1. Using Cα positions and a limit of under 15 Å, work out the aspartates and glutamates in reach of Lys118, with same-chain residues fewer than 8 apart set aside.
2. At a threshold of 8 angstrom on Cα-Cα distance, excluding pairs fewer than six apart, so keeping six or more, what relative contact order does the range 1-101 reach in percent?
3. Suppose R0 equals 25 Å. What FRET efficiency, 1/(1 + (r/R0)^6) with r the Cβ-Cβ distance, do Cys381 and Lys326 give to the nearest 0.05?
4. Can you work out the FRET efficiency for the pair Asp67 and Leu195, with r the C-beta to C-beta distance and R0 = 41 Å, to the nearest 0.05?
5. So how do Cys322, Cys381 line up by other beta-carbon neighbours within 10 Å, fewest first?
6. With respect to the cross-link table entries Lys133/Lys378; Lys50/Lys133; Lys272/Lys323, which display a Cα-Cα separation exceeding 26 Å?
7. For a Förster distance of 45 Å, can you work out the FRET efficiency between the beta-carbons of Arg101 and Thr121, rounded to the nearest 0.05?
8. When Rg is the radius of gyration of the Cα atoms in the range 1-151 and Rh is its Kirkwood radius, what does Rg/Rh come to?
Amino acid sequence: MFGSIDKSKGLLFVTHDLDYSIRLTMQNMQKEVDEFDENRLLNTPPEDLKRYLVEKHGITPITLLRDQWYANHRDAPVDVRHDRMRWIEDRSRPAMVAGERVEVRVPFEGESELFYTKANTFNMNPPRAVIEKNEVVLRYDTPVDQPRDIRALVDQTLKEIEQHLGWQRQMIDAHNQGLPAAAEQAIRLRRERVLAQSQRAEALGIPIRRRANAPTTYAVPTVKRKAVPTLPPATTAQFKPEPALAMELYEHILKVVQDMALVMERSPDAFKAMNEEALRQHFLVQLNGQFEGKATGETFNMAGKTDILLREGDRNVFIAECKFWKGPKGFTEAIDQLLGYATWRDGKAAILVFNRGTETSTVLTGIDAVAKAHGNFKRACNWPHESGFRYVLHSNGDKNRELILTVLVFHVPQ
């Protein structure tokens with residue numbers, strides 16, 4: 001019904017359908033995931049890819065910055081041939097009289113192309129304005145002998161624009177809220193397909209050669225007019241699957257650890273004189289009572305004086321550091337020591353902080369500050385716990401090898 005000419009006429013919210021643009025944006029996201037290089041897809045943490053996709057394919061709604069608006073005016077001839085109150089001999093030709101042009105400029109934030117998209121809710125009398133860079137420009141030409149109330153016209157036009165933006169915002173919010181789950185699903189399904197294909201290829205027993213024209217980077221068109229984020233850095237080298245501790249087993253390990261803390265609370269006299277190594281032994285006994293090793297009967301082993309390790313071959317799949325709280329510096333050293341053990345792509349770890357005599361709030365505040373300031377910190381996880389935190393760190397020298405770190409604080413009797 002409307003075409004590109006509407007932009008030159010100043011008609012807003014009529015050129016494109018917002019519903020179609022949103023569906024196209026979601027399709028572009030899916031297409032980008034489907035076209036990722038297989039090894040780059042597998043070598044990049046899914047959460048990093050999801051962040052990138054959400055940032056790139058999210059839609060920023062328009063917000064008018066009314067508090068920053070301004071106006072200017074100048075003398076300008078006005079064509080009055082369409083003014084039926086004037087006697088004009090030939091209305092087919094311009095009839096110029098002395099006049100004034102007033103411009104009102106309203107800055108805005110958001111994607112300017114949205115001014116030309118029509119929401120599912122709309123009316124048949126769209127507002128008119130000119131969009132120049134990041135400003136809405138309202139122009140009014142008035143003959144000097146027929147002054148008009150420009151402010152009333154401006155308020156009415158901006159009210160109409162805000163109404164259309166409100167109709168858009170409902171659709172945009174729904175898209176942005178659903179995008180993370182859609183991106184996560186697209187990444188998961190593509191990873192599963194690629195891994196399944198890789199396993200079938202290996203089962204052939206025939207060497208697989210990479211296509212000579214296989215793409216290594218991608219630039220998918222986007223409907224937006226904002227800075228496009230860059231893909232997380234990752235290698236396209238051959239992906240080698242590495243065994244990982246299942247998340248449900250990780251959570252069960254942590255539950256066993258927390259149950260042991262209840263034993264400490266109920267029998268304070270038995271634990272008040274113990275040092276880190278002695279406390280660690282009690283946790284180790286409880287863990288090996290729950291998990292049976294392949295050969296020795298002991299799944300969890302000691303390393304050094306403060307560590308609990310779960311090993312598979314020559315790799316550590318779970319690491320726990322046991323440390324008394326001695327301030328931020330000691331906690332930083334515990335993180336550094338733990339990272340020295342972490343060698344698997346999907347590593348999982350815990351730091352068990354024993355606290356004797358320090359205010360709990362002081363310990364928790366110190367832990368959170370140190371973890372987030374650490375050079376290997378990537379993000380905090382949504383893991384509600386009254387005496388602990390969960391973070392994602394990257395290994396030394398490789399941001400794509402991630403470690404889930406859970407920190408638990410236990411009160412040890414004095």
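1. Filter leaves Asp6, Asp17, Asp19, Glu160, Glu162.
2. Working: 54 pairs, mean separation 17.8, N = 101.
The normalised contact order for the range 1-101 reaches 18 percent.
3. 0.50
4. E(calc), rounded to 0.05, equals 0.20.
5. Result, fewest neighbours first: Cys381, Cys322.
6. Working: Lys133/Lys378 35 Å; Lys50/Lys133 30 Å; Lys272/Lys323 15 Å.
Beyond 26 Å: Lys133/Lys378; Lys50/Lys133.
7. Working from the Cβ atoms, E equals 0.85.
8. Details: Rg = 22.7 Å, Rh = 19.4 Å.
Value, to two decimals: 1.17.
Values in this text are rule-based calculations from the coordinates and carry no lab data. Keep in mind it's a predicted model, so treat the numbers as computed, not measured. Every residue, glycine as well, gets a Cβ built from its backbone with ideal geometry; the counts of neighbours run over all protein chains shown.
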